[in-house]
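See below for the structure under consideration.
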Amino acid sequence: MSGSSLRTESLRLFRVFISIGAVLIIWSVISLVKVFPEALFPSPWSVAKAFAELYRAGILSKDFAVSLSRAVVGFVVGAGLGIVIGVITGRVYFFRTLMHPFLSIMRPIPAIALAPVAIVWFGIGEESKYFIISYTVFLSVWFNTHIGIEFVPSIYLKVSKILGVSKTREFFTVILPAAAPHISTGLRLGASLSLLSLVAAELTGASSGIGYRLQEARQYIRTDWMFAQLIELGVLGALVDTIFSRIAKRVVHWEQVS
Amino acid sequence: MTIGADITTAGHVQIDNVSVSFLKSDGELASALLPTSLDLPPGSFTALIGPSGSGKSTLLNAIAGFIAPSSGQIKLDGRAYTEPSSDIGVVFQQYALFPWFTARGNIEFALGRLSLNRHQTREKALAILNEIGLKNHAETYPEQLSGGMKQRVAIGRTLACEPKVLLLDEPFGALDAQTRLGMHAFLEKILDAHPLTTLLVTHDVDEAINLADSVCVMSHSPGRIVKKYNVSDYTDYGFNSPDATIKQLRAEILEHLKLDLESQT
């Protein structure tokens, strides 16, 4: 890493710490002056204790692993289908007109609304969770892939035609790279949405995972556990987003991905 | 190694009464180009000049095969065509380089249709980059190149396909005046080595006169070619000063464009 990029990275980390520090200070002040009852709004140290308690009991790591594996499976299935269907609807007019109304109706349906159907179809096992997560990821990846493929700049296709490139070569060397920034955005959004739908899936009919633990904490009125689980979910989300952002910067290097 | 086709006898473009119309959103038929005829002999350099909307780019797109003529026909070496082909190379104002490829990758992309192995493709791409003066930028991505460099790569990529005809759609329109002059010299050098039939669409009268053998002036929308000037008629003007005659040609073209504009308003 060069001197200037090391400085930029250090500055970025410094800003992150300042931001987290400021939130912790405000949170502590609110807790100390008892604006809200402790049972409803736990202090940072209560949440830290809850973290330690959940960690010692092995709950934190178990929930993290279970939720992450569900999100990964759901993401892989949804993203795979989204890319394939997106390419087909983006490229083939017949399939576009055939599937577009159906997919447009599906898009506004939230993942949580699918939970009852998923349980009836697949039971309360892992399959229903995979279904809910992959459905959400699919819609995001399909939509972005479709847009990317359909709206490849016409000048690229003109160049490809004039240079006498075959259709197959045009697809792999022009259309897919031109659509890659959109596909990458779809995947990144899909990854974030997989965590959102994960909680929706785990809130209904699960016996482990971050969503399930949130539900359990609500039953025992343990807001400190809830906060600990929410922070765990947030960290997981930020981690996933950072990984995707870094991969996108390398793969789609000609696009500025923030 | 040199680039482009060396066959000066090939590349004869004949545009015979070609018109282009399109359907507007209200269902009416609009004319973008009135019946136009033009002959581009092998190795000639013709410039098309005219106001915006005069159909210059429409005519170029029809010659490229991107637009099918509504009437008339376009022939290359005696054969009518309506589809793009690698015999006709096009250079666009917006460069149209693929940002995911390096300068070498962009040229190798064009070489893909030739039956070359990977090593030969690489060698030929590097030879082309050498000829366009960008060998040291072979591994540079387009976003890291200047406008002039990008256009050199675009020209190199087009010529890598060994076309018979070169169509230039306002290729220097996005460049500053100094770079533009450099690009004129570059294009002249390339065309000296490879005398392709060339058609240049431009807004710049000086550019048209400096580069082309003949300048065709188009009328305003819907356009057609209303006047053709042979630049050599003005430069080979016996004992008269060439500068004075070029000035005369420039004044005549500008007067033509001015009169056209006045008749429009």
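The values are calculated or read from the model by the stated rules, or taken from the named source; none is laboratory data. It should be emphasised that the depicted structure is a prediction, and the values quoted were computed from it without experimental measurement. All Cβ positions, even for glycine, are placed from backbone atoms using ideal geometry, and neighbour counts span all protein chains on display. Only protein heavy atoms, including side chains, enter the accessible area calculation; ligands, DNA and RNA are left aside. Shrake-Rupley method; radii C 1.70, N 1.55, O 1.52, S 1.80 Å.
For the peptides B:247-259, B:52-64, residues were scored by their other Cβ atoms within 10 Å and the scores averaged per peptide; the highest-first order is B:52-64, B:247-259. Computed from Cα atoms, the angle from the helix A:93-106 axis to the main principal axis of chain A rounds to 20 degrees.
The mean number of partner chain beta-carbon atoms within 10 angstrom of a residue's beta-carbon across peptide B:97-107 is 3.
Each chain gives up part of its surface: A and B jointly bury about 1800 Å² of accessible area, both sides summed, for a 1.4 Å probe.
All other residues whose Cβ lies under 14 angstrom from that of residue A:88 are scored, Lys and Arg at +1 and Asp and Glu at -1, for a net of +1. Evaluating 6.51 cos²θ - 1.76 cosθ + 1.60 at θ = phi - 60° for every residue in the stretch A:124-140, the Karplus couplings come out as 9, x, 5, 4, 5, 5, 4, 4, 4, 5, 5, 4, 5, 5, 3, 4, 5 Hz, glycine and proline recorded as x.
When only Cα pairs below 8 angstrom with a gap of at least 6 residues are kept, chain B shows a relative contact order of 28 percent. Seen against the Cα atoms of chain B and their longest principal axis, helix B:147-160 is set at about 80 degrees. Within the listed set A:207, A:245, A:154, the Gaussian network model of chain A (springs between alpha-carbon atoms below 10 Å) gives the highest mean-square fluctuation for A:154. Look at the stretch A:62-73: the mean tally of other chain Cβ atoms within 10 Å of its residues' Cβ atoms is 0.
Taking the longest Cα principal axis of chain A as reference, the axis of helix A:111-122 is set at about 90 degrees.
Across the stretch A:228-242, rounded Karplus estimates of 3J(HN,Hα) from the backbone phi angles (6.51 cos²θ - 1.76 cosθ + 1.60, θ = phi - 60°) give 4, 5, 5, 5, 4, 5, x, 5, 4, x, 5, 5, 4, 5, 5 Hz, Gly and Pro being marked x. Among beta bridges from DSSP that stay inside the protein assembly as shown, the antiparallel ones total about 50%. The stretch A:100-119 and the stretch A:1-69 have Cα centres lying 34 Å from one another.
Computed extension length for residue B:139-residue B:26: 35.8 nm, one decimal, from 0.36 nm per residue of separation with the Cα-Cα distance subtracted. Highest mean packing first, where packing is the average number of other Cβ atoms within 10 Å per residue, the peptides B:194-201, A:185-192, A:41-48 line up as B:194-201, A:185-192, A:41-48. Cross-linked pairs B:189/B:247; A:161/B:258; B:24/B:258; B:24/B:228; A:34/A:62; B:24/B:75: Cα-Cα separations exceed 26 Å for A:161/B:258; B:24/B:258; B:24/B:228; A:34/A:62; B:24/B:75. Of the peptides B:45-51, B:67-73, A:107-113, the ranking by mean beta-carbon count within 10 Å, highest at the top, reads B:45-51, B:67-73, A:107-113.
Partner shielding of B:85-93 amounts to 3, given as the average count of beta-carbon atoms from other chains within 10 Å of each residue beta-carbon.
Average accessible surface for the protein assembly as shown: 50 Å² per residue, computed with a 1.4 Å probe over protein heavy atoms with every protein chain in place.
Using a probe radius of 1.4 angstrom, the carbon and sulfur fraction of the accessible surface of chain B is 48%. Close amide H contacts of residue B:91 (hydrogens built in the peptide plane, cut-off under 5 Å, sequence separation of 5 or more or a different chain): B:167, B:168, B:169. For residue B:104, the accessible surface of its heavy atoms amounts to roughly 40 Å² (probe 1.4 Å, protein chains only, rounded to the nearest 10). For residue A:167, the lysines whose Cα comes closer than 17 Å to its Cα, not counting residues fewer than 8 places off in the same chain, are A:158. Using just its DSSP H runs of length 4 or more, each adding -39500 (n - 2.57), chain B gives a mean residue ellipticity at 222 nm of -11500 deg cm²/dmol after division by all residues.
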